[in-house]
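For reference, the structure is listed below as structure tokens.
The values are calculated or read from the model by the stated rules, or taken from the named source; none is laboratory data. Please read all numbers here as calculations on a predicted model, not as lab measurements. Heads up, the Cβs are rebuilt from the backbone with ideal geometry, glycines too, and the neighbour counts pull from every protein chain shown.
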Amino acid sequence: MPCRVPHASPSAIGAPDERPEFHALALPPERRGEIENLIIEGRRIPGVRPLRVYVPAASLRGPDPLPVLLVNDGHKAFEPSNHRSVSPWHQSGTLQLHRLMDGLLCEGAVRPAVVVAVGVHASSRADQYVPIRTRLGEVEFGGLGDTYLDLLEHEVLPEVQNALGGVQLSSAPSERILVGTSIGGVSALYGALTRPGVFGAAVALSPSAWIEDGFLTRLVHERGDAPGRIAADIGHGEQQPIREHCDTLFKALSDRGGERVLAQPVEGVHNEDSWRARMPRLLRHVLATQP
């Protein structure tokens, strides 16, 4: 991987050279971003909600307001649970977005951006990420998807901006990017499709396009456009019905969004380690240095 910041090869510390997150391990400390921990008391969806916020290194930020990635399932965004017991290049189970961003910035492949990992309780995540009430077998879920997006816009973003002080977040819709995996990818795509004046881009890995027999695909057809940048994929190793729903959704998005949409099947399966390996390609699309 060609880098613009001089540093040792990741192979010198036992890590593969081809992955951006391992280059981040070899960067000088002053070139690595930092993570801040916040807690908000939700109003629209009551309860305490943890936020973890990655801010890129000061030397890389520049004077302009920064794009912001709002990441669903925030507990899987940064360090894995085994980060204290094994070497960094053997850590698993999360997206490691702080390292991915550091490595991609070192490569010069993306613009610097703030990453906000938004916590959610496992028992209510499906309710918050799906806007319609639906069923899977005997389990009923969904219905709070729009309320959750309201919370991101009116509670999370102002709280993060207040906490960051002099680091300004961009208010441009194209630079407010929703990120999600699996059922969290439904929320990301839904937000970008229905609120393009607020959230103008989305990243969705293995989105649960099967929900309500493809309601996201029907939404794309009804709206007639994919207004912002969208990056999505589905792994070849995932279950066939899930792949088929994603193929249909991706075709609809690509037909309407043209070059703004990067959506296709790739090698991979349905877990965080696979998503982490696939994430750089999608981030390069939504955070391109020439947007």
Please tell me if residue 186 is part of a strand (DSSP E or B) and in contact (Cβ under 8 Å) with a residue 24 or more places away in the chain. no
Scan the stretch 231-259 and report the pairs whose first residue is in contact (Cβ under 8 Å) with a residue 60 or more places away in the chain and surrounded by 18 or more Cβ atoms within 10 Å (Cβ to Cβ) and whose second residue is assigned to a loop (DSSP other than H, G, I, E, B) and among the charged types (D, E, K, R), with Cβ atoms within less than 8 Å and a gap of 6+ or a chain change. none
Quick check on my filter: what residues within the stretch 73-95 are under 20 Å from residue 49 (Cα atoms) and assigned to a loop (DSSP other than H, G, I, E, B)? 73, 77, 78, 79, 80, 81, 94, 95
On the given criteria, is residue 182 polar (S, T, N, Q), modelled with pLDDT of 95 or more and closer than 21 Å to residue 227 by Cβ? no
With the condition kept exactly as written, say whether any residue in the stretch 52-59 is of a type outside the set (A, V, I, L, M, F, W, C), more than 30 Å from residue 122 (Cα to Cα) and at pLDDT below 95. yes
Could you tell me whether any residue of the stretch 261-273 is more than 22 Å from residue 91 (Cα to Cα) and without any contact (Cβ under 8 Å) to a residue 24 or more places away in the chain? no
Filter the strands (runs of 3 or more DSSP E) completely within the stretch 198-291 down to those with at least 3 residues that are under 26 Å from residue 150 (Cα atoms). 201-205, 229-235
Go through the stretch 126-172 and give me each residue that's part of a helix (DSSP H, G or I), of a type in the set (S, T, N, Q) and more than 22 Å from residue 219 (Cβ to Cβ). 161, 162
